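See structure below.
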Amino acid sequence: TAIDREADWIADQIEELRGTIIREKDGSERAIDYADMAILLRVNSVGEDYASALGERGIPYVVNGTGGLFDHDEAMLVQAGFALVSRSDLLVEVEDDDDGYVVLNEQQTRDYARGLIEELRESGAMPTASSARFFEWIAEEREELDNKANGEGSRRIYPQDIFHEMLSVLGADQGPDPWPQQTMFNLGRVSDLITQYEAVHPWVRPGQLQSLCVFLGGWAAGNVDEGSLDEAL
């Protein structure tokens, strides 16, 4: 299509421009890099075509605009992780479904999460992620929450702590730069959402963790931006 051809041409121009020497206002010189370039679109719906063209060439990109964060596998894996920990159903967007969404039960959510981890590992977005270790952690976390619900220790649960544990299990601690910049950026946006949730609910009790799943799968999935103009790329 015309959009595909235009997206390919723009991606070619980005590759050609990268490395071009420019002179700064202070007289110093440097080479242009990806962070110096941007694609401005009037129609958000065609953004996926441009993102696909960039991704095929290995050009890192970050999307700024309304919606779309939970189109990324890493964001959906976090959502699936919280659903499994809290024993909640998972709401997943499906393009060819009449309603636009399907509700996954626990086994379906496990299968879905397993597929996401495989995709993230093969794409290099989370190269050391392991389904076995992820589900082992889910079981451990459930047991801990059950113990808290039964009065063993503090009953206060901090969602951000669970989030960081989840990332650690998926490989966030594997070396100084375990994941690509785009993966880290998207997970940072998920962290921001959890911070927004904690502004209202600084902590929850074991049986209330499902409310975070409702927040992530409901309002956040439909309204959150992937970025904003004041964020450094």
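Every number here is computed from the coordinates shown, using simple stated rules; none is lab data. These figures come from a predicted structure and were not determined experimentally. Because the Cβ atoms are built from the backbone with ideal geometry, glycine has one as well, and the counts that use them run over all protein chains shown.
Values for this structure:
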quantity: Karplus 3J(HN,Hα) series, Hz, for segment 51-57 with 6.51 cos²θ - 1.76 cosθ + 1.60 (x for Gly, Pro); calculated: 4, 5, 5, 5, x, 5, 9
quantity: Environment charge of residue 79, counting only residues whose C-beta is closer than 13 Å and scoring Lys/Arg +1, Asp/Glu -1; calculated: -4
quantity: Space enclosed by the convex hull of the alpha-carbon atoms of segment 88-164, per residue, Å³; calculated: 130 Å³
quantity: Table column - 3J(HN,Hα) (Hz), segment 77-91, Karplus curve with 6.51, -1.76, 1.60, x for Gly and Pro; calculated: 5, 4, 4, 5, x, 5, 4, 5, 4, 8, 6, 10, 6, 10, 8
